Amino acid sequence: MSAALLEIKGLTKAYPGVVANDDVSFQIKPGEVHALLGENGAGKSTLVKMIYGLVRPDAGEMSLKGDGFAPLEPRAARAAGVAMVFQHFSLFEALNVAENVALGMENPPKPRDLAKQIRDVSETYGLPLDPDRLVGELSAGERQRVEIIRCLLQDPKLLIMDEPTSVLTPQEVDILFQTLRKLSSEGTAILYISHKLEEIRALCDEATILRLGKVVATCTPRDVSAAHMAELMVGKSLATPARAASDAGAVLLSVSALSLSPATPFGTPLRDISFEVRAGEVLGIGGVAGNGQDELLATLSGEVKTGAGAVNLNGISISGLGPNARRKAGLLCAPEERLGHAAAPDMSLTENAVLTARVRQGLDKKGFVNWAGAKSFAQQVIQQFDVRTPSADVAARALSGGNLQKFVIGREILQNPRVLIVNQPTWGVDASAAAAIRQALLDLAQGGAAVVVISQDLDELLEVSDRFCALNEGRLSEPRPARGLTMEEIGLMLGGAHDLQSVESGAVA
Amino acid sequence: MIRLIKRPAPSPLWSLATPVVAVILTMIAGGIMFAALGKDPFEAIRVIFWDPLFHERFASYSRPQLLIKAGPLILIAIGLSLGFRAGIWNIGAEGQYIIGAICGAGFGLAFYPSENPLIFPGMVVAGALGGWAWAMIPAILKTRFRTNEILVSLLLVYVAEAILATAATGFLRNPEGSGFPGSRNLARHAGTDNPELIANTGMHWGVVAAFIAVIAAYVLLNRHILGYQIKLAGQAPRAARFAGVNPTRLIILCLGVSGALAGMAGLFEVSGPAGQISIDFGVGYGFTAIIVAFLGRLHPVGILLAGLLMALTYIGGELAQLMLGVPASAIQAFQGMLLFFLLALDVLSNYRITFGAEAKA
């Protein structure tokens, strides 16, 4: 048996009210691609933060190459050969690629040398990237490459990647996987965090599965089915949302030639977007984050008003109406950002019920709020959508992300919308709750509403959508029937590898 | 090591307790300051907090002063608190107070020597409109040109003071005043006076207005959708837009209400306790009201109590200057300490303090 590169024994970390990691042990061999698999809240992030020196464990020990390893800060971890690519990038948009890379290094070389090094590494590992480009102009996939190259320049022994594919198109995922395989063949171990099972089966040699902070299983992903891993991860088998075939009815929402210039220099403009959604239909809008999803939702919800005739409900233009007038007309929205946009963090659930349900549920009379009515509506949402909270008087920020998401979606669905637009409906929600939310969206469409689901999760979109289209740099592709679409076709709709060819041959089919 | 840990939800106990703890800490720190100045700290604290209400000789004079001083502070602070809750920072209430007084007094003097009972209500309206108009300047500049309302409203205070000086020495000067600066005395003329309603209590129409404002603000914030929108806009601006709140309308409304209330406070002052427009009419109620608003946690009932407390330190401070020879600047420092401790302790309602290493967390 070859000696382990990183060995973890009995790591435990508790936060007030929750044990994030409970006696976690596993090991990674040099050159191994090791998956860390678990639902949101299973303790994956805490675990890698301990390895990277961001969090100190309460108990347990780690060893790297046989020596004791207890990094007090990320710098110590990097010095020991551990590098990490975070899910959220820490890049400055107004600086170029080389400058951003230099900012993350302890002793950056001269700019000219660094640019050459960046070119060398990017060619060696098939990560096309121009060191002189502004980060603000890069796609999410290219930004990720900046982070990866920053790590690779430090010649790491262990590379940690936290949900790296959540912002990538399928083609970009292929390029990334080739890079990771090449790294692994050169002896760099990779700790790969994800909840996407097929990816893990395609890439990883070993998998450690966490549930509620504990290691519940280890397996070799190639040898087991995705369904089996899902059961290990969730602890029970999952029902896939069921849908009955339904005939599409009349056009409820139609958007024609909708354009919007960006609010900030690096914002995304919307370019000539047109689509229709019929009663009883679910339209899925895919796309990598930052391609105009927030902007599109804002123009549909009424937070941003657009030219006359751009947004029409039941054939009548609602372009000039504000959010509440659109709600009254039957168009409801649930934005992606739960805290601060869909809900006010410091307000109670009852108060947050008033936020969007006031008009349709008649929660005020002559301007005076009917708090009793608001509370009973909030309780109804809590009950029907299984929101785990002691009461409706709890502040929104005290709820876990998944529970608040259930509340936000439930709040809109229970208002019986004619048209519902949701952005990332199951982001950060555990698998069983996600299934419940998807089922609720399908039921809503079944009942004759038109539903638009904006999401980055392609599996989710294929599961719920009748038709699928992609948002790429503010342009919307022609909607196509979702049934029968392959991942490859979807990837091309999403903009392929964002106009970049892989340096390695044949990565882009 | 001392560490701050964010609470999942604000602690209701600490939200209520911090003002009390802040007052106690101010007494301790203030006592040390008075001791350093060579005064007996216990006597100084007693003179400031106790004697104004219960001293056998001075209390009969200073007790009515409590409401006279608290009235304008509460009235202005209530208006400011609405804006502060919505994240709209009107720092120039002093200017709105002065302009309100000038407009109200000007209205009353225009009808001099008539004693028509409708003149005083007209003065109140004119005062409110004056303060409102002065607050509309930062409001319109902010909504049209995105200027910063903090700077504009603050700088307009100095403009208002210049107008006040011009009024006292020029267009509102008492023609029978032998050339001395200052307007006719409004308080000594029936029709323009704002009299003490109950003898020896200090209760005048301004205090009544302050109490009404407290109740109205309480109802607005707790029951009305507008109060809900004000809170929402302050806590989560993006969520407020999602809820259909129009930010421009809210800015105009909050600055308008706070300006109108400050203007009314100015009018009640000039027609009652102050009596006339004079160069030194502005004594800083508009600025102190900011402290009162925060000391009262931007809550109407809290502001009522904070206004009374602040008035007490004013009166007690004057008494301490008189009886103990404490310098006026020491009294101001004492009031500053109160705000300092309150804001510092604010952390406790949102954070928990733990001692010792991280391991316990």
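The values are calculated or read from the model by the stated rules, or taken from the named source; none is laboratory data. None of the values given here were measured: they were computed from a predicted structure. Backbone-built Cβ (ideal geometry, glycine too); neighbour counts: all protein chains shown.
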Considering residues of segment A:57-79 that are surrounded by fewer than 19 Cβ atoms within 10 Å (Cβ to Cβ) and touching a residue at least 60 places away in the same chain (Cβ under 8 Å) only, the residue nearest to A:GLN154 (Cα to Cα)
A:LYS65
I'd like the residue in segment A:80-111 that is more than 28 Å from A:THR264 (Cβ to Cβ) and in contact with a helix residue (DSSP H, G or I) (Cβ under 9 Å, 6 or more places away or on another chain) and, out of all such residues, is surrounded by the most Cβ atoms within 10 Å (Cβ to Cβ).
A:VAL82
Helices (runs of 4 or more DSSP H) within segment B:172-260 that include 2 or more residues farther than 25 Å from B:MET123 by Cβ and either under 23 Å from the mean Cα position of the chain (by Cα) or touching a residue at least 60 places away in the same chain (Cβ under 8 Å) (or both):
B:205-223, B:225-235
What's the total number of residues in segment A:413-442 that are within 21 Å of the chain's Cα centre (by Cα) and within 14 Å of chain B (Cβ to nearest Cβ)?
3
Tell me yes or no: at least one residue of segment A:197-211 is of a type in the set (Ser, Thr, Tyr) and crowded, with 23+ Cβ neighbours inside 10 Å.
yes
Every residue from segment B:215-240 that is more than 8 Å from chain A (Cβ to nearest Cβ), in contact with a Pro (Cβ under 8 Å, 6 or more places away or on another chain) and either surrounded by fewer than 21 Cβ atoms within 10 Å (Cβ to Cβ) or among the basic types (Lys, Arg) (or both)
B:ILE215, B:TYR218, B:LEU221, B:PRO237
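If we scan segment A:434-444, do we find a residue that is in a loop (DSSP other than H, G, I, E, B) and at pLDDT below 95?
No, there is no match, as no residue in segment A:434-444 is in a loop (DSSP other than H, G, I, E, B) and at pLDDT below 95.
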Being modelled with pLDDT under 95, more than 12 Å from chain B (Cβ to nearest Cβ) and under 21 Å from the mean Cα position of the chain (by Cα), is that true of even one residue in segment A:393-402?
yes
Looking at B:TYR158, is it within 14 Å of chain A (Cβ to nearest Cβ) and either surrounded by fewer than 18 Cβ atoms within 10 Å (Cβ to Cβ) or touching a helix residue (DSSP H, G or I) at 6+ places or on another chain (Cβ under 9 Å) (or both)?
no
So which residues in segment A:326-349 are under 10 Å from B:PHE242 (Cα atoms), within 8 Å of chain B (Cβ to nearest Cβ) and among the aliphatic types (A, V, I, L, M)?
A:ALA342, A:ALA343
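Can you name the residue in segment A:295-318 that is surrounded by fewer than 19 Cβ atoms within 10 Å (Cβ to Cβ) and within 14 Å of another protein chain (Cβ to nearest Cβ) and, of all such residues, is modelled with the lowest pLDDT?
Per the criteria, the residue is A:LYS305.
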In this structure, does A:GLU93 turn out to be in the same structural domain as A:ASP155 (by TED's automatic domain parsing), touching a residue at least 60 places away in the same chain (Cβ under 8 Å) and more than 26 Å from A:SER184 (Cβ to Cβ)?
yes
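In segment A:274-294, what count of residues is obtained for those that are of a type in the set (A, V, I, L, M), at pLDDT 90 or above and part of a loop (DSSP other than H, G, I, E, B)?
We begin by selecting, within segment A:274-294, every residue of a type in the set (A, V, I, L, M); these are A:277, A:279, A:282-283, A:285, A:288-289.
Subsequent filtering for residues that are at pLDDT 90 or above retains A:277, A:279, A:282-283, A:285.
Within this subset, residues satisfying the condition of being part of a loop (DSSP other than H, G, I, E, B) are A:279.
Of the residues in segment A:274-294, 1 are of a type in the set (A, V, I, L, M), at pLDDT 90 or above and part of a loop (DSSP other than H, G, I, E, B).
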Of all residues in segment A:338-357, which are within 19 Å of the chain's Cα centre (by Cα) and without any contact (Cβ under 8 Å) to a residue 24 or more places away in the chain?
A:GLY340, A:HIS341
Within segment A:445-468, the count of residues that are closer than 18 Å to A:ALA279 by Cα and either surrounded by fewer than 21 Cβ atoms within 10 Å (Cβ to Cβ) or of a type in the set (Gly, Ala, Ser) (or both) comes to 7
From (1) under 30 Å from A:GLY302 (Cα atoms); (2) buried (at least 22 other Cβ atoms within 10 Å of the Cβ); (3) among the hydroxyl-bearing types (Ser, Thr, Tyr), pick out the condition that doesn't hold for B:THR248.
(2)
Which one of A:SER63, A:SER25 is out of contact with any helix residue (DSSP H, G or I) (no Cβ under 9 Å at 6 or more places or on another chain), small (Gly, Ala, Ser) and under 25 Å from A:VAL234 (Cα atoms)?
A:SER25
Go over the candidates B:PRO52, B:PRO41 one by one and state the one that is touching a Phe, Trp or Tyr at 6+ places or on another chain (Cβ under 6 Å) and not hydrophobic (A, V, I, L, M, F, W, C).
B:PRO41
So, restricting to strands (runs of 3 or more DSSP E) that lie completely within segment A:138-213, which ones have at least 1 residues that are hydroxyl-bearing (Ser, Thr, Tyr)?
A:189-194, A:206-211
